[in-house]
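One structure below.
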Amino acid sequence: MAALAVCGLALATVPTAPAQAQGPDGRPPHWELKDSGTDVRFRGLSAVSRNTAWLAGSKGTVLRTSDGGASWRNVSPPGSGALEFRDIEAIDARRAVVLAIGEGEASRLLRTDDGGKTWTESFRNTDARAFYDCLTFFDRRHGLAMSDPVDGRFRILSTSDGGRSWKVLPGDGMPAAQEGEAGFAASGQCLVSSGPRDVWLATGGAVHARVLHSADRGLTWTATDTPIPAGDPARGVFALAFRDRAHGIAVGGDYRADQASPRAAAVTGDGGRTWGPAAQPP
């Protein structure tokens, strides 16, 4: 979906110690603002350790830190200034896959094996009807990317070699999309996975804001309505997070700054089969 959700521009780091413990500097855990060295909008974040993380954003920008966020290095793919990166999935400190969004050939996937020194384009969308939104990996080899509906169903790409090559999965196991339904290409969290096979897809823009779930790496899916408001192209589920294959949270609302977003979060304890309003929405 071409619509964009609000995203902050500042970078920050926080120690990973428990809340009651002290951080490395002797103070309680806290946030520190860091200068990224660029004014682009960051949309995708992938941390592989307490030291190494990757960022992706507008103007074809990719940044990487190896010192826990104290400093960031620009490792953007050459010639990518016209691309809009929305999601990045890091396999480790040296390997990562980044997704560019947009209609037709603007949707692309690029991969690096050397910490961002060089990049290889591994997929370029040639279907003018497709618009890729999000990306996720189950492990070092297996991952998926999703597009807004084509021919009435969300389209799923699959890789089994760490993002070096991609293929479109059959659409037989994908439920029909609602009128106007799409994903929000905002933060790279409309498609998330947990464990070796489970994956969830968040939607909006239609009568019902839904979460779709697959337990077989994207071959077959089931769809469930959420209590997050929908019924408008600007409303729906923007992002998902699962701490295991059962417990997850969905966040969304209305991305327009002048519109309220009541009931903006929902939770599940059964892997997405049912969703209820969060007791304390963010």
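The values are calculated or read from the model by the stated rules, or taken from the named source; none is laboratory data. Computed from a predicted structure; not experimentally measured. Cβ: placed from backbone, ideal geometry, glycine included. Neighbour counts: every protein chain shown. Please note that ligands, DNA and RNA were not included when accessible areas were found on the heavy atoms of the full protein model with its side chains. Shrake-Rupley method; radii C 1.70, N 1.55, O 1.52, S 1.80 Å.
Some observations on this one:
- The set of residues from segment 90-106 being in contact (Cβ under 8 Å) with a residue 60 or more places away in the chain and either in contact with a helix residue (DSSP H, G or I) (Cβ under 7 Å, 6 or more places away or on another chain) or under 15 Å from SER49 (Cα atoms) (or both) comprises ILE91, ARG95.
- The lone exception for ASN51 - which of (1) under 21 Å from CYS190 (Cα atoms); (2) out of contact with any Leu (no Cβ under 9 Å at 6 or more places or on another chain) it fails: (1)
- Scanning segment 56-100 for residues that are among the aromatic types (Phe, Trp, Tyr) and open to solvent by less than 10 Å² (accessible area, probe 1.4 Å) returns a single hit, PHE85.
- Counted residues, segment 182-212 - those being open to solvent by 30 Å² or more (accessible area, probe 1.4 Å) and of a type in the set (A, V, I, L, M): 1
- Within this structure, ARG164 fails the test of being at positive phi and over 16 Å from the mean Cα position of the chain (by Cα).
- Just one residue in the set ALA241, ALA223 is farther than 16 Å from TYR132 by Cα, assigned to a strand (DSSP E or B) and under 15 Å from the mean Cα position of the chain (by Cα); that residue is ALA241.
- Looking across segment 143-181, the residues that are acidic (Asp, Glu) and surrounded by fewer than 17 Cβ atoms within 10 Å (Cβ to Cβ) come down to ASP151, ASP161, ASP172, GLU179.
- Residues of segment 107-126 classified as without any contact (Cβ under 8 Å) to a residue 24 or more places away in the chain, closer than 15 Å to MET146 by Cα and either open to solvent by 20 Å² or more (accessible area, probe 1.4 Å) or hydroxyl-bearing (Ser, Thr, Tyr) (or both), total: 2
- Within the set GLY218, GLY205, GLY152, GLY188, the sole residue that is under 29 Å from ALA47 (Cβ atoms) and at pLDDT 95 or above turns out to be GLY218.
- Those residues of segment 244-278 which are among the charged types (D, E, K, R), in a loop (DSSP other than H, G, I, E, B) and farther than 14 Å from LEU201 by Cα, in sequence order: ASP244, ARG256, ASP258, ARG263, ASP270
- Meets criteria (in a loop (DSSP other than H, G, I, E, B), of a type in the set (S, T, N, Q) and within 18 Å of the chain's Cα centre (by Cα)) for GLN178: no
- Taking (1) in contact with a Ser or Thr (Cβ under 9 Å, 6 or more places away or on another chain); (2) surrounded by fewer than 23 Cβ atoms within 10 Å (Cβ to Cβ) in turn, ARG140 satisfies each apart from (1).
- Taking the criterion of being within 23 Å of GLY143 (Cβ to Cβ), open to solvent by 30 Å² or more (accessible area, probe 1.4 Å) and of a type outside the set (Gly, Ala, Ser), the residues of segment 213-230 that qualify are HIS213, ASP216, ARG217, LEU219, THR220, THR222.
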